[in-house]
Amino acid sequence: MAKDTPYVDVQNLSKSFGALNLFSNISFSIAEGQKVGLIAKNGMGKSTLLSVLAGKEGHDTGDIIFRRDLTIGFLEQSPQFDPQESVLDACFNHHGEEEKVLKAKQVLTQLKIRDLNQPMGQLSGGQQKRVALANVLLMEPDLLILDEPTNHLDLEMIEWLEGYLGRGNKTLLMVTHDRFFLDRVCSVILELDDHTIYTYRGNYSYYLEKRQERVDARRAEIARANNLYRTELEWMRRMPQARGHKARYREEAFYELEKVAKQRMEERQLRLKASNVYIGSKIFECQYISKRFDDIVILKDFYYNFSRFEKMGIVGNNGTGKSTFLKMLLSQIQPDEGRIVIGDTVRFGYFSQEGLQFDENQKVIDVITAIADYVELGGGKKLSASQLLQYFLFTPEQQYNYVYKLSGGERRKLYLCTVLMRNPNFLVLDEPTNDLDIVTLQILEEYLQDFPGCVIVVSHDRYFMDKVVDHLLVFKGNGEVKDFPGNYTQYREWQGLQDQSSQSTQSTQSPQTKSSYRHDDRRRLSYKEKRELEQLEREIAALEEEQRMLEEQLCSGTLSVEELTEKSKRLPLLKDELDEKSMRWLELSEIED
């Protein structure tokens, strides 16, 4: 085959499960070096399409043409292992490629799997998913097919994986809800919508812009068809049954027009705003709490007084105690020392990582009405159980489906609805974004932005955190917790500036020492250069003072979001200016000495 032949060419592919049609006659191709993200709502067939391409299940019609001798590595959403085999055996699939042991150790260490001889049956589900990811990466296949690769990874691991996949000429197709990851890794987005595939040649930000243009154009087309349809419908009713050739042609065109006119674009849900959620001024206070498990310190003399209406995010690597902190707050685990005092008016709504066990033979609507028939929104308005489900994209037909028919993502969405239906005033959400599709995430983001109570979110989804929270607790491990007044991106920018400042301090220390390496035969400074040197010394001192004050203000916790954003933007500009002037000062001081 020619070099420019696509790695994968999909032609008119269709797949159904009984009466459920997932996709019809879809066509697309993946070229060498392309990094492709696949987006669709839960239950629309994303994982099925990946399984079909990986050869794990069949399809109804169409063709999948692979380049000759193409090797494929497939990361499934829920990989299965022999519980008796070791981590090392699981990585190499018993192929005995012992020369790759060193590389395996490096990749597994990045994914925080350190005991290569541990039986797979002793690992958690998240650890097994990480071993499966390592397995696929170590294969170094021509084409990587990854189903939710960032699930069960902490932020440090996600950022490492971003860099790993971004390097070199790797070719990949992946499903992920992590929009930061899509933005930074993918160069093509495929959207599976209404049984059809749409291709966008750009990253996630480009996709958002172009998708909206497509939706607007489609709505305009349907509106035009509706206007014309009314005219043509009148003609159809007026004309006699016996029609000439010209009239029959117009009649056939009418039926084609009718198909377009009767299409319904899914309208964006109205923002759901509750106004009757009441919560008192006392929320909770952590009074110098400490917690450890054997040698692992979770918290040490931790004090925090939670504010009314606060929306806090909790981030940190796996194992640093984020979920343990939530369980202490909810009285599921007791601290070793200190206590947590909860306000009398607080009603928690807890969305856990473990999820909820459903009665498989219960209908979706019955799961919700078993909790309540409606939620009071205030002002005499009510939200019924069916309306809440519809808000979170369960169609009226899906609401009368049995639970056993739901996909994994739809079950997580239903669990979320059970939490909200209890009408809490303090939402505690532990990894709420796992397995939810991007459309549902956007709806949940809007819901939380408008929520008139308190929110705590533990999440590795950086995009979601930026949209929802205005304050962070960063769990750094060994009992260290950083209190930061801003969202995740602002924290990373601040952290980056701290690192740069530290490096800059080391590199610019003792300018006299650097200038001692002069040669006696160098020229002397001109009068103008002497004045410039004096001016630079004053300017550098002023800039360093401004930098010190800015960093203090950013850490003070007293800034509004607008002030924090403004000052965060000023810092990198300040640093660039300081670097430029410092370099010039060094040049002139070399001559002066």
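The values are calculated or read from the model by the stated rules, or taken from the named source; none is laboratory data. Here the structure is a predicted model, which is why all the values come from computation and not from measurement. Methodologically, a virtual Cβ is constructed for each residue, glycine included, from the backbone with ideal geometry; neighbour enumeration extends over all protein chains shown. Accessible surface areas use protein heavy atoms only, side chains included; no ligands, DNA or RNA. Shrake-Rupley method; radii C 1.70, N 1.55, O 1.52, S 1.80 Å.
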* Asked: In straight Cα distance, which lysines are under 27 Å from LYS282, not counting same-chain residues fewer than 8 positions off?
  -> LYS273, LYS291, LYS300, LYS311, LYS322, LYS327, LYS467, LYS482
* Could you rank GLU544, GLU577 by how accessible they are, 1.4 Å probe, largest area first? => GLU544, GLU577
* Structure fact -> Within segment 333-429, the percent of DSSP beta bridges that are antiparallel, given to the nearest 5, stands at 55
* Asked: Arranged from highest to lowest average of other beta-carbon atoms within 10 Å per residue, in what order do the peptides 14-24, 103-113 appear?
  -> 103-113, 14-24
* Structure fact -> Of every hundred units of 1.4 Å-probe accessible area on segment 1-82, the number belonging to carbon and sulfur atoms, as a percent, is 45
* Asked: When only the heavy atoms of the protein chains count and the probe is 1.4 Å, how do VAL341, VAL52 rank by accessible area, highest first?
  -> VAL341, VAL52
* Structure fact -> With all protein chains in place and a 1.4 Å probe, THR369 shows an accessible area in Å² (nearest 10) of 50
* Structure fact -> Counting only protein heavy atoms and leaving out ligands, DNA and RNA, the solvent-accessible surface of HIS59 at a 1.4 Å probe, in Å² to the nearest 10, equals 70
* From largest accessible area down, sort GLU431, GLU562, GLU480, GLU539; use a 1.4 Å probe on the protein chains. => GLU562, GLU480, GLU539, GLU431
* To do: Show which lysines lie in cross-link reach of LYS56 when reach means a straight Cα distance below 19 angstrom and same-chain residues fewer than eight apart are skipped.
  => LYS15, LYS46, LYS129
* Asked: How much accessible surface does PHE180 have with a 1.4 Å probe, in Å² rounded to 10?
  -> 30
* Want the number for THR5 to GLN287: 0.36 nm per residue separation, take away the alpha-carbon distance, what's left? -> 95.0 nm
